[in-house]
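Right, one structure below, let's go through it.
The values are calculated or read from the model by the stated rules, or taken from the named source; none is laboratory data. Just so it is clear, the model here is predicted, and its values are computed rather than measured. Note: ideal-geometry Cβ built from the backbone for every residue, glycine included; neighbour counts use all protein chains shown.
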């Protein structure tokens, strides 16, 4: 158990809908990262938050957004969903924000868009 | 996006054999990490490497951070059935100024199958 929690574990929805994925980092970790894992693209970095502020952005679509709240939990919002958004979404956390900081991953949310 | 070149893509071995996999990049990395992922689960950190040339062990696992900072390898000795899974290398690329991004770049993964 990494100490990172994600809910829900599974999500099935229809095209055009909007969903919210939730992540609670390990106790004491200030950074939260979101990754998408699909069969054809592998694990891809989406976005990072550090202590409530956006820190780095990766290949995140404009239809997707995230935020980190004062209690440090984070939410990833996916809107106008398309079939291709079906994937595993992982949250990771680390103590600080730098590249040498070890990231611990949550169990993921499997999103299926029908 | 940028990806690390991880080899081999898959391995089928007998229980008790040693395993070796590696990752290479065209860019310099500040950190190399090795993760294992079981189906439907999140990646679990196996070994973290922070300095060029560093050799670190974790039980039957040994990993090294290449001297050029552009590669890393992972060895598993005396494999057992529970070693089955997908192994990923990941790294933090360095940006201008010498610091590194917080985001991780992942290799494509090595699928390991161990036959009893």
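What's the number of the only condition in (1) touching a residue at least 60 places away in the same chain (Cβ under 8 Å); (2) more than 14 Å from every other protein chain (Cβ to nearest Cβ); (3) surrounded by fewer than 19 Cβ atoms within 10 Å (Cβ to Cβ); (4) not in a strand (DSSP E or B) that residue B:67 fails to meet?
The single condition residue B:67 does not satisfy is (1).
For residue A:56, only one of the following conditions fails: (1) part of a strand (DSSP E or B); (2) farther than 21 Å from residue A:9 by Cβ; (3) in contact (Cβ under 8 Å) with a residue 12 or more places away in the chain; (4) within 14 Å of chain B (Cβ to nearest Cβ). What is its number?
Only one criterion in (1) part of a strand (DSSP E or B); (2) farther than 21 Å from residue A:9 by Cβ; (3) in contact (Cβ under 8 Å) with a residue 12 or more places away in the chain; (4) within 14 Å of chain B (Cβ to nearest Cβ) is unmet by residue A:56, namely (3).
Restricting to segment B:24-51, and then to whatever is surrounded by 14 or more Cβ atoms within 10 Å (Cβ to Cβ) and away from chain A (no Cβ under 13 Å), can you tell me which residue is modelled with the lowest pLDDT?
Among them, the one singled out is B:25.
For segment B:43-64, which residues satisfy the criterion of being more than 21 Å from residue B:10 (Cβ to Cβ) and outside any strand (DSSP E or B)?
Hits for segment B:43-64 are B:50, B:51, B:52, B:53, B:54, B:59.
For (1) within 12 Å of chain B (Cβ to nearest Cβ); (2) more than 27 Å from residue B:86 (Cβ to Cβ); (3) at pLDDT below 95; (4) surrounded by fewer than 19 Cβ atoms within 10 Å (Cβ to Cβ), each residue gets a yes or a no:
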site: A:73; (1), (2), (3), (4): no, yes, no, yes
site: A:80; (1), (2), (3), (4): no, yes, no, yes
site: A:87; (1), (2), (3), (4): no, no, no, no
site: A:102; (1), (2), (3), (4): yes, no, yes, yes
site: A:113; (1), (2), (3), (4): no, no, no, no
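Against the condition touching a strand residue (DSSP E or B) at 6+ places or on another chain (Cβ under 6 Å), in contact (Cβ under 8 Å) with a residue 40 or more places away in the chain, within 10 Å of another protein chain (Cβ to nearest Cβ) and farther than 24 Å from residue B:26 by Cβ, how does residue B:108 come out, does it pass? Can you show your working first?
Working: touching a strand residue (DSSP E or B) at 6+ places or on another chain (Cβ under 6 Å): yes; in contact (Cβ under 8 Å) with a residue 40 or more places away in the chain: yes; within 10 Å of another protein chain (Cβ to nearest Cβ): yes; farther than 24 Å from residue B:26 by Cβ: no.
No: the conditions fail for residue B:108.
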